[in-house]
Amino acid sequence: MTAIVAISSGLSESSSTRRLADRLVESVGRQFGDASIELVSLRELAHDIVDATLLGFASPRLQDVLDKVGAADGLVVVTPIYKASYPGLFKSFIDALDADAVIGKPVLLAATGGTARHSLAIDHTLRPLFAYLQALVVPTGVFASTHDWGSEGAQALEQRIDRAAGELTSLLKGAGTGRSRDDEFDLFSDTFLSISQGPKAPGSDA
Amino acid sequence: MSSMQFGIFTVGDLTVDPTDGSLPTENEKLKALVAIAKKVEDIGGDVFAVGEHHDSGFVPPSISTLHAFIAAQTKRLILSTSIAHITTNDPVKIAEDYATLQHLSDGRVDLVLGRGNTAQVYPWFGKDPSKGVELTIENYQLLRRLWDEDVVNWEGRFRTPLQGFTSIPRPLDGVAPFVWHGSIRTPEVAEIAAYYGDGYFANNIFWPKEHYIRLINFYRQRYEHYGHGTQEQAIVGLGGQFFMRKNSQDAVNEFRPYFDNAPVYGHGPSLEDFQAQTPLTVGSPQEVIEKTLSFADFFGDYQRQMFLIDHAGLPLKTVLEQLDLLGEILPTLRAEFDARRPAGVPDAPTHANRLAAKQAATTTEGSQS
């Protein structure tokens, strides 16, 4: 069975990073069908990660996670953005991986931040890191700011999640990313459908 | 009138003339627009359109007022927009203003609606710039109903609900002003035009033709999809721009400083490169004829050709000279376009032919019952 590991490096118990990871895992599971998906929270491994940085070897439970990452067919990576980049704990975890741990693996990159001003952090910090690791990163990065969790941005975020998860699924199934630029006119988007199907406003008598 | 319409569109920009540093006042520019409109009628042109702008540096924020003034001084000219904002104007006010103009001008009005091009305008009218497409869709849905239904009950996201509301005056002869939808990048706007069986206008100025071909073909396909007719019967309008002199090299020499300093493309590509890559023609009347006729090869036979000639700081005197030259080639353009036009491609929409079509449809229904 295809094995996918999702890594969340949110640092609080119920972080928005963890919420985004949950949503991505749900979408990948729904679109892929028969896959084993395990979600790992780095918060629970924080001390092990620091220890590994100092000692040069991993504790048994950290080693277990590193082994799962190495054996996975694909990865979902979700991190908060602090001070224009991923937090040190996340980088220390990546430092603990074997140099060849993710070579050629399809990887979905996602991040959270306070405002949309941080949204290019995926492309400016996470992509170079995974390019160095020689991973195969899917074209769509999913960035969620506080605004995206409200009613205004929620729909667009949902679409980005499904698109990125769809790309990861297609890559894992050997079908490329399943997208090309001819798909630009999305005739089945809510906006397009609202033209021919009328407004959805409550109380509309259309 | 032939089956195709020709006209002039302008955004009424206040731009310094780079050859002498002069800048028209707002008063001079508004009066210049009136002079240009009257000249378009004099040379046998069909349409004069003005683009709504609210930024300083432009003079036409109130198009229906301007057009009413022009309508009073013209007889045949169709007055249109290039474009009017469907996003930031209240659809109720659009319905009222342009229906009023339609009555006063005896049906000589149509509209090109669009999103508008600058984000800063939205908050000036209490609207959110990130909602441009949604506002376009909802506001047009309402405008359509205000003109097509005598009593409207309506509720949407972006304005207060309407209960038992009748927009006045009712459209002239029960035929609302024809609507085109203008866009240079938003496929949803082409979809709106196709869904309602309205016209689609591509300004065809800034970019290579391939960009516009993609949108126009999409509109034509969707027009057929929604059952309004074949792709060839969809109603297409195009922009274009020229600078003409009898002698091609004179045109190039005179226009170059205006091109080189123009607000949109100045200090960018050379005049020669831009001319090779976009619909701009700077040259002799024959060159303008040839380039314009080529549009139908790329976009299909179409209904309306508008030209931008009032821009880049060109003085009114020069613009009026350009119109004289256009008047000289118009008979050739009409004859050549008509000659290549297959049967079944509809004529450009006018109040008269749309009223006739409506009456014919009513008669047919009556005879069947």
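The values are calculated or read from the model by the stated rules, or taken from the named source; none is laboratory data. Since the structure is predicted, the reported quantities are computational estimates derived from the model, not experimental observations. Counting neighbours? That spans all protein chains shown, and the Cβs are built from the backbone with ideal geometry, glycine included.
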Condition set surrounded by fewer than 23 Cβ atoms within 10 Å (Cβ to Cβ) and polar (S, T, N, Q), scope segment B:6-60, selection farthest from B:Gly116 (Cα to Cα): answer is B:Thr19
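Conditions tested, residue by residue: (1) modelled with pLDDT under 95; (2) more than 17 Å from A:Ser145 (Cβ to Cβ); (3) under 16 Å from the mean Cα position of the chain (by Cα).
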site	(1), (2), (3)
A:Arg19	yes, no, yes
A:Phe32	yes, yes, yes
A:Ala35	yes, yes, no
A:Ala52	yes, yes, no
A:Leu55	yes, yes, no
(Q) Checking the structure you have, find out if any residue of segment A:164-186 is modelled with pLDDT of 70 or more and at the interface with chain B (Cβ under 10 Å from one of its Cβ atoms). (A) yes
Here the residues within segment B:108-120 that are over 17 Å from B:Gly7 (Cα atoms) and part of a loop (DSSP other than H, G, I, E, B) are B:Arg115, B:Gly116, B:Asn117, B:Thr118, B:Ala119, B:Gln120
For segment B:294-325, the count of residues that are in contact with a helix residue (DSSP H, G or I) (Cβ under 6 Å, 6 or more places away or on another chain) and under 29 Å from B:Gly344 (Cα atoms) equals 2
Check: Restricting attention to segment B:168-180, does a residue exist that is within 11 Å of chain A (Cβ to nearest Cβ) and more than 18 Å from B:Gln305 (Cα to Cα)?
Finding: no
The residue that is farthest from A:Ser170 (Cα to Cα), considering only those in segment A:36-64 that are without any contact (Cβ under 8 Å) to a residue 40 or more places away in the chain and in contact with a strand residue (DSSP E or B) (Cβ under 7 Å, 6 or more places away or on another chain), is A:Ser41
Legend entry - Boolean, A:Leu157 is surrounded by 12 or more Cβ atoms within 10 Å (Cβ to Cβ), farther than 25 Å from A:Gly70 by Cα, modelled with pLDDT of 75 or more and facing another protein chain (nearest Cβ under 10 Å): no
Scanning segment B:160-185 residue by residue, those touching a strand residue (DSSP E or B) at 6+ places or on another chain (Cβ under 8 Å), of a type in the set (Ser, Thr, Tyr) and surrounded by fewer than 15 Cβ atoms within 10 Å (Cβ to Cβ) turn out to be B:Thr166
Residues in segment B:315-344 that are surrounded by 13 or more Cβ atoms within 10 Å (Cβ to Cβ) and over 23 Å from B:Leu79 (Cα atoms) total 3
In segment B:195-208, residues that are surrounded by fewer than 19 Cβ atoms within 10 Å (Cβ to Cβ) and more than 14 Å from chain A (Cβ to nearest Cβ) total 3
Of the residues in segment B:232-249, those that are within 25 Å of B:Phe9 (Cβ to Cβ), out of contact with any strand residue (DSSP E or B) (no Cβ under 6 Å at 6 or more places or on another chain) and not aliphatic (A, V, I, L, M) come to B:Glu232, B:Gln233, B:Arg245, B:Lys246
Of the candidates B:Glu272, B:Glu321, B:Glu287, the one satisfying the condition of being touching a residue at least 24 places away in the same chain (Cβ under 8 Å) and of a type outside the set (Val, Ile, Thr) is B:Glu287
Screening B:Ile192, B:Ile235, B:Ile216 for residues that are over 20 Å from A:Gln197 (Cα atoms) and either within 14 Å of chain A (Cβ to nearest Cβ) or of a type in the set (Ser, Thr, Tyr) (or both) leaves only B:Ile216
In segment B:324-361, residues that are without any contact (Cβ under 8 Å) to a residue 12 or more places away in the chain and closer than 27 Å to B:His181 by Cβ total 7
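Residues checked against (1) modelled with pLDDT of 95 or more; (2) farther than 20 Å from B:Gly7 by Cα; (3) acidic (Asp, Glu):
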site: B:Glu321; (1), (2), (3): yes, no, yes
site: B:Leu325; (1), (2), (3): yes, no, no
site: B:Leu333; (1), (2), (3): yes, no, no
site: B:Ala343; (1), (2), (3): no, yes, no
site: B:Pro346; (1), (2), (3): yes, no, no
site: B:Ala352; (1), (2), (3): yes, no, no
site: B:Thr363; (1), (2), (3): no, yes, no
site: B:Gly366; (1), (2), (3): no, yes, no
Flagged pairs (Cβ under 9 angstrom, 6 or more apart or on separate chains; first in segment B:39-66, free of Cβ contacts under 8 Å to residues at least 60 places away in the same chain and part of a loop (DSSP other than H, G, I, E, B); second buried (at least 17 other Cβ atoms within 10 Å of the Cβ) and among the aromatic types (Phe, Trp, Tyr)) are B:Gly51/B:Phe9; B:Gly51/B:Phe58
Taking segment B:132-154 and keeping residues surrounded by fewer than 16 Cβ atoms within 10 Å (Cβ to Cβ) and facing another protein chain (nearest Cβ under 9 Å) leaves B:Asn153
Within segment B:326-348, residues being outside any loop (DSSP other than H, G, I, E, B) and touching a helix residue (DSSP H, G or I) at 6+ places or on another chain (Cβ under 9 Å) number 9
